1. Binning every alpha carbon pair distance of region 242-320 at 5 Å from zero, what are the percents per bin?
2. Past 24 Å, Cα to Cα, is the threshold; run Lys195/Lys218; Lys195/Lys225; Lys214/Lys257; Lys318/Lys346; Lys226/Lys259 against it and keep the listed order.
3. Out of all DSSP beta bridges with both ends in the chain, state the antiparallel percent to the nearest 5.
4. So which residue, out of Thr147, Thr333, Thr49, gets the largest mean-square fluctuation from a GNM of the chain using Cα contacts under 10 Å as springs?
5. Per the 1.4 Å probe, what fraction of the accessible area of region 235-314, in percent, lies on carbon and sulfur atoms?
6. Using a 1.4 Å probe and counting only protein heavy atoms, arrange Leu42, Leu70, Leu186, Leu312 so the residue with the most accessible area comes first.
7. Region 206-232 to region 310-336: how many Å between their Cα centroids?
8. On average, how much area does the Cα convex hull of region 101-188 cover when viewed from any direction, in nm²?
Amino acid sequence: MRIEKPEVLATLVAIALGLLTSGGYWLGTAILSIEFNYVLALALLIGVTSLTFIFVRFVIQQFIYAKVKLIYKNIHELKLGSDEEEDLIARTSDLRMVEREVSEWAEERNTEIRELKEREAFRREFIGNVSHELKTPIFNIQGYILTLLDGALDDPKINKKYLNRANRSVDRMIALVQDMDVLNKLESGVMDVRKQQFDVLKTIRDVFEMLEDKAEEKSIKLKLKKDYDRPMKVEGDPHRIEQVLANLVVNAVKYGKEKGYVEVGIFDMDDKFLIEVADNGMGIPETDIPRIFERFYRVDKSRSRDVGGSGLGLAIVKHIVDAHKQTINVRSTSGVGSTFSFTLKKAK
Ligand SMILES: Nc1ncnc2c1ncn2[C@@H]1O[C@H](COP(=O)(O)OP(=O)(O)OP(=O)(O)O)[C@@H](O)[C@H]1O
Ligand SMILES: [Mg+2]
């Protein structure tokens, strides 16, 4: 017997209770009327009540059982057949693949946006730096010209002085434009490294000769660490390596102290030479060291401008060394001096 509706159940229970109670009452009264004893009447009453209880319990049990069965049935129906299951697995893996593709695509777009933002920030910073660097010599030249037009041109004592100053500013602009051109070509890969075998010792001596006068102005001595008595053959672009050495020695002189020295050493390291350019100048604060190879980075902008720097020299140096697949390092202590060292491959 299965009873599914609570109203039906309630009616049935009520009828059963009614029947049994009235049956029990009728039976008890009948028994008492035929002068049965009280104990038997009580026993009959308990018996009928127990039967009523068992019946009600049975009906409720049936009701609960029917409900639980219904729940089981629903759960069972939720389970899928093997075909449906396979179909669902296939659809789920398709969805997962699409999800993965979409997130990969989103990641790529994010990277592109990040790179574009970085490039845009770099472009803005670069233009800002260039215009800033050009502004100083341009305004200087304008100032000299205006002074000359104001009458200084007719004064033989000062007209030459102003023209010389204007010429120095033009030199500075030319150097800046040339440096930017070199950097641009190195970065875009237009300027390739033409490797050949050459004697780096001779290049060092040439650089010393070229910068002798500049060093002399500050009574700085340019010297080699040792009396090298044989050629030091390396593999690389001689013109570019000369540029590296010239930039490092110019810096050592520019940021060196009066009556100081610049010392270049060559160290044998298996298949490489390590070239060191050391000075006993003002040195570089520790916090600035990681940034000095960045374009336009200068430790002390005003100090650097006095000696005509725009912060491109070391960026060029780094690019050239990188293009040779070699490394460059710097050790420096503020107020004590700096040592720049880079490697070069030995010629075979
Ligand atoms: N030997 C050195 N001693 C002390 N400071 C140095 C030395 N070499 C470089 N620096 C610091 O590093 C900065 C960057 O050098 P970098 O050669 O790139 O630029 P610059 O000399 O200022 O200008 P540029 O070389 O373009 O004319 C310099 O401004 C200077 O502050
Ligand atoms: Mg420099």
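1. Reading the bins upward from 0: 3, 14, 22, 27, 20, 9, 4, 1, 0.
2. Lys195/Lys218; Lys195/Lys225
3. Counting only bridges with both partners in the chain, antiparallel ones make up about 90 percent.
4. Thr49
5. So the carbon and sulfur contribution to the accessible surface is 49 percent.
6. Result, largest first: Leu42, Leu70, Leu186, Leu312.
7. Answer, in whole Å: 19.
8. If you wrap the Cα atoms of region 101-188 in a convex hull and average its projections, you get 7.2 nm².
The values are calculated or read from the model by the stated rules, or taken from the named source; none is laboratory data. These figures come from a predicted structure and were not determined experimentally. With ideal geometry, Cβ positions are generated from the backbone for all residues, glycine too; neighbour counts draw on all protein chains shown. Heavy atoms of the whole protein, side chains included, go into the accessibility calculation; ligands, DNA and RNA do not. Shrake-Rupley method; radii C 1.70, N 1.55, O 1.52, S 1.80 Å.
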